[in-house]
Amino acid sequence: RMSVHDRGAQRVDAGDVQVGPAELTRLSVSVPPLAAGSYTVKYRVLSVDGHVVEAEFTFAVRGPS
């Protein structure tokens, strides 16, 4: 699973999570053009050794300068 949320905790991704066909360690999801602000990516995956890994990270989109 993977999702992208805005600062107000609203989900902004397209819900089309995919594992890379040529690179099984790559997970991606589409997002529309994002407004300036802070966003959080949350993911939950099953690792190669069978453990569930769940984490999140934030990123920022800057406005025009």
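Descriptive notes on the structure:
One line per residue, one yes/no per condition, for (1) of a type in the set (Gly, Ala, Ser); (2) without any contact (Cβ under 8 Å) to a residue 24 or more places away in the chain; (3) open to solvent by 100 Å² or more (accessible area, probe 1.4 Å); (4) part of a strand (DSSP E or B):
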position: SER3; (1), (2), (3), (4): yes, no, no, yes
position: GLY8; (1), (2), (3), (4): yes, yes, no, no
position: GLU23; (1), (2), (3), (4): no, yes, no, no
position: SER30; (1), (2), (3), (4): yes, yes, no, no
position: ALA35; (1), (2), (3), (4): yes, no, no, no
position: SER38; (1), (2), (3), (4): yes, no, no, yes
position: TYR43; (1), (2), (3), (4): no, no, no, yes
position: GLY50; (1), (2), (3), (4): yes, yes, no, no
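- If the condition is being farther than 16 Å from ALA60 by Cβ and outside any strand (DSSP E or B), then the stretch 10-21 contributes GLN10, ASP13, ALA14, GLY15, ASP16, VAL17, GLY20, PRO21.
- Tally of residues being out of contact with any Ser or Thr (no Cβ under 8 Å at 6 or more places or on another chain), open to solvent by 70 Å² or more (accessible area, probe 1.4 Å) and assigned to a strand (DSSP E or B) across the stretch 52-65: 2
The values are calculated or read from the model by the stated rules, or taken from the named source; none is laboratory data. A quick note: this is a predicted structure, and the numbers were derived from the prediction, not measured. Using ideal geometry, Cβ is built from the backbone for each residue, glycine included, and neighbour counts are taken over all protein chains shown. Each accessible area value is taken on the protein alone, full model and side chains, heavy atoms only, with ligands, DNA and RNA left out. Shrake-Rupley method; radii C 1.70, N 1.55, O 1.52, S 1.80 Å.
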